[in-house]
Structures are given as structure tokens and as C-alpha cells.
């Protein structure tokens, strides 16, 4: 049995590295994971786990930018004494640790850069962004394989020196314990939004743009724009229900019976979301919820081409009229069949099977 090691930075939310870990565990591999805090280090810990069981933990102190360097040192120290067959880094900093270990003489049979996302301006700080991009270049050139979640991210990495023969594109797929593909009568003035209530995720901007056609809105998430959204909806007689953050199981069960449209209104000016592969869009569709999505993410074109929802690319008067008409005319009969077909292609297990051979 191969020793598979994953190094990642984690929030309380699950991410791509966690989903891939789930897949490997279901395939009966032994998986070690070194998980550092992401962003907020106050009262947080770094955890070293085997098959999701904690082996050791390290108390952390918030050192600001210096935490990236302390994480790097911890990764080197913990992993230098372990037998590693396959090393998986969930971002470029984490993968860089594996590359340095191997350069120092550590035997590692394979290094995989599991590049779950990409951003040209991750820190919005010139100096830090320069370091980030330099490490990205080193990682894509020195990893045995690189996994990107969009074609756009892959093309960007190829321009940085990634060998196309060492590259895979695997979107952030979805996994639903008990999928339910039932026919629904869709209310075209009813909407749900799942995600962070920030300017980048775009809900407040969309509601201000389209409020005359929103009768009811359900929000599952938290963020800085929560109060603004609540006040605006109350002022404009939109029935709104905010459930704050909920567990994934709750969200999926809610979507299975929800009979409106799902919103993915990513900010039209956002740079980061241009490269993103949003899981929630797939979850909307697989649960039989047609999606209204801005043209920013790569998946928007797939949504349009396969008639899984409606995309828009501006907030002007003409686009308002087009969007209103498109929603009214959108064919919702047999959408459950489209949802089932979509899930058969974007189920995580189906997607990850493309790289099964790496672990043989």
C-alpha cells in the first residue's frame, strides 16, 4: 500500500483537497494529511492526520505573512521523517515543500500539484503576489503532474512552463450521498443563493439590478454584505430568508426540494473568479435547480450550451430586459433529466477516475 501525503491549508469549509482525500479513502488508500490554518491563525492549530484521525497537533500563533514561512518549516520537519510515495500539495506553497524535500534528497516517488484554484492577484500586494507567482512557476515546472480545475488555469500554467503532457484538467465536481432527480414545478420569481455574502460573490449587486423580478429569496451564507441585502430586500418587499452558514448535508437536502432558480452572480469585475470552478453551480444543477450565473466563470458557457440555466454579462438596461425574458421563457420541464445527465458527468468519483492510474 502506497503512503499518500496531502499538505493543505484549510478553513472550516471543505475544499478540493478534502474531496480528493474522501475519494482516496473510499478507494481504501491510507492517506496522511498535514493541514495548516488558512488566513486566521489565532487560536488555531496545524493538524497531522492519518485517515482523518488526528495523530499530532501544533498550536499556532498569528504572525501575519510570516505564517507562510512557519508553515513551510513545519511541513519540512514533519514530512522529512516519514516515508512518502505520493506527495500531494493543495496549493503552490504546500507543493513547494515537497519539491524542496525531494531536492534535499528525500525519496518521493511522485509529486502532484493539486492546483485547486488560481489567482493572479491572490494577496493584492505587489511583493507577495510576485513571490506567489514565482513559486507557482517553480511548482508547475518541477511537479510530476499538475491538476488544474479549469482550462483557463491550465493555459495560464502552461504559459508559466507547465508541460502539457504532465497536465490534467479536473473541475471541482460534486458528490451527493443520495441523489434525487425528481420533476419540479419551478417558480420563476423564486431564488436561492448559497455562498459568501461578499462583493466578489456578487449577490447584493445582482439583487439591486434584478429586484423587480424577485418575489422570494433564500440565502444560505454569511458575509459583510448580509445587512445591506436584508435591508434592501425588506425595503423593496422581497420576501427574504437568511439561514446563515449551514452544513453541507443541510444544503443538499434543501436544494433537492427547492423549486426556484439558483444564483451564482459572481462579480463581473472579479479577477479571481475568472479562473474558478464553483462547486455550488454543479450542486444547484444536480439537485434540479436551474442556475442564473454571470458570464465570469468558465462553467458559464457550459451552462448556456447545455441549457442548464441562464447567463448574463452586464447590468445595463438591455441585459436586464434579456435576462427577464430568458427566465420567463426558460424550459423547466424535464430539467430533472438534465440534472441526472449532468451528475453522471460531474460526479467527483467519475472525474477523479481520470487520474486513478497515478496511484497504481
## Note on the structure
Residues 233, 276, 287 in order from fewest to most other beta-carbon atoms within 10 Å are 233, 276, 287
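Rounded to the nearest 500, what is the chain's calculated 222 nm mean residue ellipticity when only DSSP H runs of at least 4 contribute -39500 (n - 2.57) each, over all residues? Don't skip to the answer; put the middle values down first.
Values: 13 runs with 136 residues, N = 360.
Value at 222 nm, helices only, nearest 500: -11500 deg cm²/dmol.
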### Summary
Rounded to the nearest 5, the percent of antiparallel DSSP beta bridges in segment 190-345 equals 0 percent
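Can you sort 68, 204 by how many other beta carbons sit within 10 Å, fewest first?
Details: 68 17, 204 20.
The order, fewest Cβ neighbours first, is 68, 204.
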### Task
Over the chain, calculate the relative contact order: mean separation of alpha carbon pairs under 8 Å at least 6 apart, over the residue count, as a percent.
13 percent
### Task
Specify whether the C-alpha gyration tensor of segment 190-345 places it in the rounded, prolate or oblate class, a ≥ b ≥ c being the square roots of the eigenvalues: rounded for a/c under 1.5, otherwise prolate if a/b is larger than b/c and oblate if not.
rounded
### Task
Output the antiparallel fraction of DSSP beta bridges having both residues in segment 3-170, as a percent to the nearest 5.
30 percent
### Task
Output the relative contact order of segment 190-345, whole-number percent, from Cα pairs under 8 angstrom with separation of 6+ residues.
20 percent
### Most fluctuating residue given options 333, 117, 163, as computed from a GNM of the chain linking Cα atoms under 10 Å
333
### Query
Rounded, prolate or oblate: which fits the chain when a ≥ b ≥ c are the square roots of the eigenvalues of the alpha-carbon gyration tensor, with rounded for a/c under 1.5 and prolate only if a/b beats b/c?
prolate
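Within a 10 angstrom radius of the beta carbon, how do 66, 76 rank from fewest other beta carbons to most? Could the numbers behind the result be given before it?
On the way: 66 11, 76 15.
Placing the least packed residue first, the sequence is 66, 76.
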### Task
Could you work out which residue, out of 38, 263, 203, moves most in a Gaussian network model of the chain, that is, has the largest mean-square fluctuation with Cα springs under 10 Å?
38
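Compute the Cα gyration tensor for segment 3-170, then decide on rounded, prolate or oblate, letting a ≥ b ≥ c be the square roots of its eigenvalues: rounded whenever a/c is under 1.5, prolate when a/b is larger than b/c in the other cases, and oblate in all that remain. Walk me through the numbers on the way to the answer.
On the way: a/c = 1.44, a/b = 1.12, b/c = 1.29.
Because its axes are fairly even, with a/c under 1.5, segment 3-170 counts as rounded.
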### In nm, spacing of pseudo-spin labels at residue 73 and residue 183 (7 Å Cα→C-beta vector)
6.5 nm
### Query
In a GNM of the chain with a 10 Å cut-off on Cα contacts, which of 152, 60, 26 has the highest mean-square fluctuation?
26
### Antiparallel bridge percentage (DSSP; both residues within the chain; nearest 5)
20 percent
### Query
For segment 105-139, list residues with backbone N below 19 Å from a point placed 7 Å from the Cα of residue 83 toward its Cβ?
105-111
### Query
In whole angstrom, how far apart do the alpha carbon centroids of segment 170-215 and segment 262-325 sit?
9 Å
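Can you tell me the length gained on complete extension of the stretch residue 25 to residue 259, counting 0.36 nm per residue apart and subtracting the Cα distance? The partial results should precede the final answer.
Numbers: separation 234, 0.36 × 234 = 84.24 nm, distance 3.44 nm.
The span from residue 25 to residue 259 would gain 80.8 nm if fully extended.
Each reported figure results from applying straightforward, stated rules to the coordinates on display, with no laboratory input. Note that the structure is predicted; figures quoted are calculated from it, not measured. FYI the Cβ positions are ideal-geometry reconstructions off the backbone, even for glycines, and counts take in every protein chain you see.
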